[in-house]
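Take a look at the structure set out below.
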Amino acid sequence: SDHQLIYPPHPDQMDWSSLFPDYVVHEEPQQPQQQPNPSAAAPSSPGTDLAPFQPKRLSKDVEIADIGCGFGGLLVALAPTLPDTLMLGLEIRVSVTQFVEDRIQALRTQARRAAETPSDSSPPPAPGMYRNVGVLRANAMKFLPNFFRKGQLSKIFICFPDPHFKARKHKQRIVSATLNSEYAYVLRPGGIVYTITDVPDLHEWMVRHFEAHPSFERVSEEEQESDPSVAIMRTETEEGKKVERNKGQKHVALFRRLEDPEW
Ligand code: SAM
């Protein structure tokens, strides 16, 4: 349940270092400030002399979020195409999150080894491949602004979200007026929300809710089809592959985050 979920009280308190260790900025530890007259120092009560938690800083911020990333197919395919962009999957299921974590670790190790092993036939991969991808167990419906600052993200993917068919379950859908305001908050103006589903009713629901939101406009079909991330989203997610096997339809819609109006 959400009680076991760990999330930072504020994005500045988020420690990304274990997810993206290659991007950690190594800073000189700060010297503790000298008390001019130690005997005159006020007595400290328990806990009050603790320094505030300072997470390690990264040289860049996470820019792409995959909401409900499942087994991580999208991220793993996207990572080499945007090698300098940090991307994060958010997944609520414990075992699935663990699977993606292991998958990323294995891919990183494989890439490093392949880069170290000379081959006549193929050019070596970049040794740092997959260093830009991470996964977190989180309830994306609740804690998004705890992880990301306002305007931090350039892309949000919502791929084959759970349809929650019954009307009384619609409030559990990952697209809603309230949640769209959270996506608008964490996305920068010009940023894009990518959606795909095989459920026509859910597609219409997502289009309706994003089009009704003042912070978003739908991206034209021409622009949509020329975006390389769309081709990856269509073919590389596990759910997308399942739909392909079953000869199902895939409905795609993209929405651009608009500039905020000047007050
Ligand atoms: N996006 C993946 C794909 O296309 O293959 C997985 C799609 S699967 C149908 C939906 C995923 O969303 C599941 O893995 C589920 O556990 C996850 N999910 C559902 N609600 C979520 C939430 N509130 N926060 C994070 N993940 C969630």
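The values are calculated or read from the model by the stated rules, or taken from the named source; none is laboratory data. Everything numeric in this text was worked out from a predicted model, so none of it was measured. Note that we place each Cβ from the backbone using ideal geometry, even for glycine, and neighbour counts take in every protein chain shown.
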So, first residue under 13 Å from residue 159 (Cβ atoms) in region 241-254, second residue among the aromatic types (Phe, Trp, Tyr) and outside any strand (DSSP E or B), Cβ within less than 9 Å, six or more apart or across chains; the pairs are 242/160; 243/160; 250/160; 253/210
Can you go through 243, 230 and tell me which one is under 22 Å from the mean Cα position of the chain (by Cα) and among the aliphatic types (A, V, I, L, M)? 230
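Listed here are the residues, each with its yes/no results for (1) under 22 Å from residue 139 (Cβ atoms); (2) not aromatic (Phe, Trp, Tyr).
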{"residue": "173", "(1), (2)": "yes, yes"}
{"residue": "210", "(1), (2)": "yes, no"}
{"residue": "241", "(1), (2)": "no, yes"}
{"residue": "253", "(1), (2)": "no, yes"}
Condition first: touching a residue at least 60 places away in the same chain (Cβ under 8 Å), over 20 Å from residue 179 (Cα atoms), within 13 Å of the ligand (Cβ to nearest atom) and among the β-branched types (Val, Ile, Thr). Now tell me which residues in region 56-94 satisfy that. 76
Considering only residues that are within 19 Å of residue 231 (Cβ to Cβ), assigned to a loop (DSSP other than H, G, I, E, B) and of a type in the set (Ser, Thr, Tyr), which ones fall in region 56-94? 85
Give me a count of the residues in region 209-238 that are without any contact (Cβ under 8 Å) to a residue 24 or more places away in the chain and among the small types (Gly, Ala, Ser). 3
Restricting to region 98-107, what's the tally of residues that are within 11 Å of the ligand (Cβ to nearest atom) and within 16 Å of residue 6 (Cβ to Cβ)? 0
Any residue that is within 27 Å of residue 159 (Cα to Cα) and either modelled with pLDDT under 90 or exposed (fewer than 15 other Cβ atoms within 10 Å of the Cβ) (or both) - is there at least one of those in region 29-51? no
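Output yes when any residue across region 109-118 is surrounded by fewer than 21 Cβ atoms within 10 Å (Cβ to Cβ), part of a loop (DSSP other than H, G, I, E, B) and free of Cβ contacts under 8 Å to residues at least 40 places away in the same chain, and no when none is. Before the answer, list the steps.
Step one: of region 109-118, the residues surrounded by fewer than 21 Cβ atoms within 10 Å (Cβ to Cβ) are 109-118.
With part of a loop (DSSP other than H, G, I, E, B) added as a condition, the list becomes 117-118.
Then drop every residue that is not free of Cβ contacts under 8 Å to residues at least 40 places away in the same chain, which leaves 117-118.
Yes: region 109-118 contains one or more residues that are surrounded by fewer than 21 Cβ atoms within 10 Å (Cβ to Cβ), part of a loop (DSSP other than H, G, I, E, B) and free of Cβ contacts under 8 Å to residues at least 40 places away in the same chain.
Each row is one residue, and each column tells you yes or no for (1) within 12 Å of the ligand (Cβ to nearest atom); (2) modelled with pLDDT of 95 or more; (3) over 12 Å from the mean Cα position of the chain (by Cα).
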| position | (1), (2), (3) |
| --- | --- |
| 96 | yes, yes, yes |
| 109 | no, no, yes |
| 114 | no, no, yes |
| 124 | no, no, yes |
| 134 | no, yes, no |
| 155 | no, yes, no |
| 166 | no, no, yes |
Matching residues in region 185-208 (within 14 Å of the chain's Cα centre (by Cα) and aliphatic (A, V, I, L, M)) number 4
Being closer than 19 Å to residue 192 by Cα and within 13 Å of the ligand (Cβ to nearest atom): is that true of residue 234 here? yes
